[in-house]
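Here the structure comes first, spelled out in structure tokens, and everything after it is commentary.
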Amino acid sequence: MIGDGMGMPVETMSRAKIIEVFGPGGVRDFVDPVQTRIEDTRHMRPGDTTDDWQLTKVVLISIIRTGGWNQERAILAHVDALRSTTFGWGKGSVSAVQEIIDGLRDGRSPPTPKPKQGLGNGVIMKVAPLAHFHALMQHHGQTENLKLLVAYTKELGAITHSDPRAWISAFAIASLITRCVLHAGEARIEDRHIFALARNVGLIERCFVDNPSRRVLEELIGNVPYCTHGSSYLHERFGSGFTALETLPFTIGTFLRHQKDFESGVLEAVNAGGDTDTNASIVGALIGATVGIEGIPRKWREFRPEYKEALSLGEELCGLFVGERIEA
């Protein structure tokens, strides 16, 4: 939620343009929208959120209301969300859910591929609740089956995205979030963990990506540890744009650079430009899973009264397992 609100004002702007507007330090806090390409954003207030939080909440509430992951419940939740607002949604997600409404597909299988659609960030940006649910299941001894997380993310991706690499990228982030939750407070995520993640992703690609030339995620993830010695180099190597092929390695690399520093990691993601709200949301999810509530600056988590909603929903998710409230 914080990452979305922090990145919203400069989404689509380049790194150079952000520095030109805000100076060498770039964005340092919640600000008024300054980008000019997205008309609906121009009149928003500092800290307002967009589709990244809206659809993350859709997944989160569907899990809470069902008491677990259920694709049918998630499909209905996406339909309700589209009828509420499509602000910030990608064209592919809009058309995919509209097809469900029109009875052209049921949402259990991916939509028909269309040119320049299907590989956006619509799955990767909303996968965090699924990752936390899976981590809680493991923590309470209900499962240690990685195949289950693969199945969950595959079902989530089928609702809106035709390219399997969209949900496989989401699986990679969900897998990393799960590890961060289960090992919070312990040693940092090391390069060997990223290489192991790359191998797992490669296995999944070989199962679900038909064209061998399109099986690129394993290599992208495997290259991340070699590119984290500078933010500029990370950005130049992978980009920070609007497809999962850029977002996945860029956000993992930014997280590795700032594993226990929420503020620095989120701001670095924002100031890289491109899909700033999504990138900052994912980096925030990864670092937040590592450091917990107290590792998130109070000035940010209390910036808007609405931000309490994220904590409240998080408490409900944990309550599915332990019936206790998170200590804020």
Does Asp106 satisfy being in a loop (DSSP other than H, G, I, E, B), within 21 Å of the chain's Cα centre (by Cα) and either free of Cβ contacts under 8 Å to residues at least 60 places away in the same chain or under 21 Å from Ser281 (Cβ atoms) (or both)? no
Consider Glu268 against the criteria (1) surrounded by fewer than 16 Cβ atoms within 10 Å (Cβ to Cβ); (2) in contact (Cβ under 8 Å) with a residue 24 or more places away in the chain; (3) not aliphatic (A, V, I, L, M): it satisfies all of them except one. Which criterion is unmet? (1)
Single unsatisfied condition, Asp102 versus (1) modelled with pLDDT of 90 or more; (2) of a type outside the set (A, V, I, L, M); (3) farther than 25 Å from Asp277 by Cα; (4) in contact with a helix residue (DSSP H, G or I) (Cβ under 6 Å, 6 or more places away or on another chain): (4)
Note on the range 263-286: residues over 12 Å from the mean Cα position of the chain (by Cα), part of a helix (DSSP H, G or I) and of a type in the set (A, V, I, L, M, F, W, C) are Val266, Leu267, Ala269, Val270
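Quick grid of which residues meet (1) loosely packed, with under 14 Cβ neighbours inside 10 Å; (2) modelled with pLDDT under 95:
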position: Ala184; (1), (2): no, yes
position: Arg188; (1), (2): yes, yes
position: Ile194; (1), (2): no, no
position: Arg199; (1), (2): yes, no
position: Val209; (1), (2): no, no
position: Pro212; (1), (2): yes, no
position: Leu220; (1), (2): no, no
position: Asn223; (1), (2): no, no
Condition test on Leu203, is it hydrophobic (A, V, I, L, M, F, W, C) and surrounded by 14 or more Cβ atoms within 10 Å (Cβ to Cβ)? no
Could you grab me the full set of residues in the range 232-261 that are small (Gly, Ala, Ser), crowded, with 18+ Cβ neighbours inside 10 Å and either under 16 Å from Phe195 (Cα atoms) or more than 18 Å from the chain's Cα centre (by Cα) (or both)? Gly253
Failed criterion for Lys17 (all others in (1) over 20 Å from Ala280 (Cβ atoms); (2) of a type in the set (D, E, K, R); (3) at pLDDT 95 or above hold): (1)
Only residues that are outside any helix (DSSP H, G or I) and closer than 21 Å to Ser281 by Cβ: list them for the range 57-103, please. Trp69, Thr85, Thr86, Phe87, Gly88, Trp89, Gly90
If you check Gln35 against the conditions, is it within 17 Å of Met8 (Cα to Cα), without any contact (Cβ under 8 Å) to a residue 40 or more places away in the chain, touching a Gly at 6+ places or on another chain (Cβ under 8 Å) and not aromatic (Phe, Trp, Tyr)? no
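Residue by residue, here is whether (1) within 17 Å of Val97 (Cα to Cα); (2) touching a residue at least 40 places away in the same chain (Cβ under 8 Å); (3) among the polar types (S, T, N, Q); (4) assigned to a helix (DSSP H, G or I) holds:
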residue	(1), (2), (3), (4)
Leu130	no, yes, no, yes
Phe133	no, yes, no, yes
Leu149	no, no, no, yes
Lys154	yes, yes, no, yes
Thr160	yes, yes, yes, no
Trp167	yes, yes, no, yes
Leu176	no, yes, no, yes
Looking at (1) outside any loop (DSSP other than H, G, I, E, B); (2) closer than 24 Å to Trp53 by Cβ, which is the only condition Lys260 fails? (1)
Please find, within the range 24-75, the residue that is farthest from Arg105 (Cα to Cα) out of those that are more than 21 Å from the chain's Cα centre (by Cα) and hydrophobic (A, V, I, L, M, F, W, C). Val31
Among the residues of the range 110-126, count how many are over 12 Å from Thr160 (Cβ atoms) and either assigned to a helix (DSSP H, G or I) or modelled with pLDDT of 95 or more (or both). 0
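The values are calculated or read from the model by the stated rules, or taken from the named source; none is laboratory data. Treat the numbers as computed from the prediction; the structure is a model and nothing was measured. Heads up, the Cβs are rebuilt from the backbone with ideal geometry, glycines too, and the neighbour counts pull from every protein chain shown.
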